[in-house]
Structure formats: structure tokens, C-alpha cells
Amino acid sequence: MKDTESRLYSIWHNVKLRCYNPNNPKYPAYGGKGIGMFKEWREDFQKFKSWALSHGYKDPADKHDAVHALTLDRKDTSKDYTPSNCRWISFDANRRHLGEKK
């Protein structure tokens with residue numbers, strides 16, 4: 001499988017869209033609030049991929065199993081997507097974390 005067809009690439013691409021594309025529906029909650037992405041990640045998927053794989057990212061056994069898929073989470077939702085502010089957590093843990101912030 002090509003990197004551009006991977007789930008991880010999709011995650012990276014979607015972060016960039018919500019942070020830097022004013023036409024993206026999620027932009028107001030991210031880029032519109034000043035949330036950005038670590039420059040090395042933004043400019044180079046391979047650097048993001050290397051960080052992700054060395055920090056626990058793995059695809060679920062079944063590619064359609066979203067509940068067991070790891071998601072990219074910002075520890076502090078008011079800060080950028082950076083190596084020190086990001087982690088991989090389960091979908092359920094991410095929902096709970098977002099609920100705590102409301």
C-alpha cells in the first residue's frame with residue numbers, strides 16, 4: 001500500500017486541512033482559533049509517520065474497526081499539534097477527553 005492510501009496519511013492530511021484550509025468545515029475550531037501543526041510534520045509526512053510509529057501508532061487489526069483504532073489527541077486542546085502535545089489514544093478515550101474540555 002502506498003503511504004498516500006494509508007490511514008495514517010489520512011490523519012496527517014486531515015490535520016493540515018482543519019488547521020490551514022479556511023474552506024474546511026472544521027477550520028473555525030482549529031486554524032480559525034490559531035491551532036497549527038509542527039512545521040516539520042506539516043512539511044514532511046515521513047517525519048510525522050516516523051514520530052507516530054515510534055510513539056505507539058498502529059492500525060487496528062480490522063481496517064473498519066474504528067472503535068479500536070488509535071486517534072491523534074492533543075493533550076492540551078488549546079495548543080498546536082506538536083510532538084510534546086500529541087499522543088495516540090483510543091477512540092473512546094478521545095471522546096472522553098473531549099467531553100472533559102466542554
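The values are calculated or read from the model by the stated rules, or taken from the named source; none is laboratory data. Computed from a prediction, not measured in an experiment: that's the story for all the values here. Because the Cβ atoms are built from the backbone with ideal geometry, glycine has one as well, and the counts that use them run over all protein chains shown. Surface areas here come from the heavy atoms of the whole protein model, side chains and all, with no ligands, DNA or RNA. Shrake-Rupley method; radii C 1.70, N 1.55, O 1.52, S 1.80 Å.
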How much net charge surrounds ASP3 when only other residues with a Cβ under 12 Å from its Cβ are counted (Lys, Arg +1; Asp, Glu -1)? +1
Where does each of SER54, SER90 land when they are ordered by accessible area, with a 1.4 Å probe and the largest first? SER54, SER90
Working with all protein chains in place, sort HIS13, HIS55 by solvent-accessible area computed with a 1.4 Å probe, largest first. HIS55, HIS13
Per residue and in cubic angstrom, what volume does the convex hull of the Cα atoms of segment 1-84 have? 113 Å³
Please arrange SER6, SER78 by accessible surface area, largest first, computed with a 1.4 Å probe and ligands excluded. SER78, SER6
Starting at the first residue of segment 47-59, write each ³J(HN,Hα) from the Karplus equation 6.51 cos²θ - 1.76 cosθ + 1.60 with θ = phi - 60°, in whole Hz, x for Gly and Pro. 5, 5, 4, 4, 4, 4, 5, 7, 10, x, 5, 8, 6
Return the subset of LYS2/LYS26; LYS58/LYS79; LYS16/LYS49; LYS26/LYS47; LYS33/LYS79 for which the Cα-Cα distance in this structure is over 21 Å, preserving the input order. LYS2/LYS26; LYS58/LYS79; LYS26/LYS47
Under a crude label model (7 Å from the Cα following the beta-carbon direction), how far is SER50 from TYR20 in nanometres? 1.9 nm
